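The values are calculated or read from the model by the stated rules, or taken from the named source; none is laboratory data. Everything numeric in this text was worked out from a predicted model, so none of it was measured. Counting neighbours? That spans all protein chains shown, and the Cβs are built from the backbone with ideal geometry, glycine included.
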Amino acid sequence: MSVREFEKELAVATKVAKQDKIWFPKWLRRFELGLRRATKGTNLPITRADVIAFSRQLLERGAPAWQRLQAVRAIEPYRHLVLKSDEPPLGDLIHKLTASLSHFLASLHSEFFVRES
């Protein structure tokens, strides 16, 4: 299924937030562009190594933690809706990105209150 077809499927999904319906296909297109193998007209191959490489590429390009988290989260509904699979497991990657984001936000919070004192 192409990303365009995924976008149509996602549009009618009831348990997906409105903003996720907009951004998940965009992130999936970027993921597809990063793959080094032809995917025209076929399902995107989702491997753990590819998802990690995608997240690292985003990090190298300066993407903040919240964007990397959203990008990895975008792959999950594609995996569920299209591939009908829970594989590869991505929960630990999402957890690490969430922890990274939480740490960043906590440091901003601390910095703000130290300045204000």
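At-a-glance table
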quantity: Boolean, Q57 is surrounded by 11 or more Cβ atoms within 10 Å (Cβ to Cβ) and touching a Gly at 6+ places or on another chain (Cβ under 7 Å); calculated: yes
quantity: Residue within segment 36-48 that is in a helix (DSSP H, G or I), within 20 Å of A99 (Cα to Cα) and of a type outside the set (S, T, Y) present; calculated: yes
quantity: A63 being surrounded by 11 or more Cβ atoms within 10 Å (Cβ to Cβ), outside any helix (DSSP H, G or I), at pLDDT 85 or above and not charged (D, E, K, R); calculated: yes
quantity: Filtered residues of segment 67-87 (kept if surrounded by fewer than 15 Cβ atoms within 10 Å (Cβ to Cβ) and either part of a helix (DSSP H, G or I) or touching a Ser or Thr at 6+ places or on another chain (Cβ under 7 Å) (or both)); calculated: H80
quantity: Boolean, A65 is touching a Phe, Trp or Tyr at 6+ places or on another chain (Cβ under 6 Å), among the hydrophobic types (A, V, I, L, M, F, W, C) and within 21 Å of A11 (Cβ to Cβ); calculated: no
quantity: Some residue of segment 15-27 being more than 15 Å from the chain's Cα centre (by Cα), loosely packed, with under 14 Cβ neighbours inside 10 Å, in a loop (DSSP other than H, G, I, E, B) and of a type in the set (A, V, I, L, M, F, W, C); calculated: no
quantity: Members of segment 88-97 that are free of Cβ contacts under 8 Å to residues at least 40 places away in the same chain and either surrounded by 15 or more Cβ atoms within 10 Å (Cβ to Cβ) or touching a His at 6+ places or on another chain (Cβ under 8 Å) (or both); calculated: I94, K96
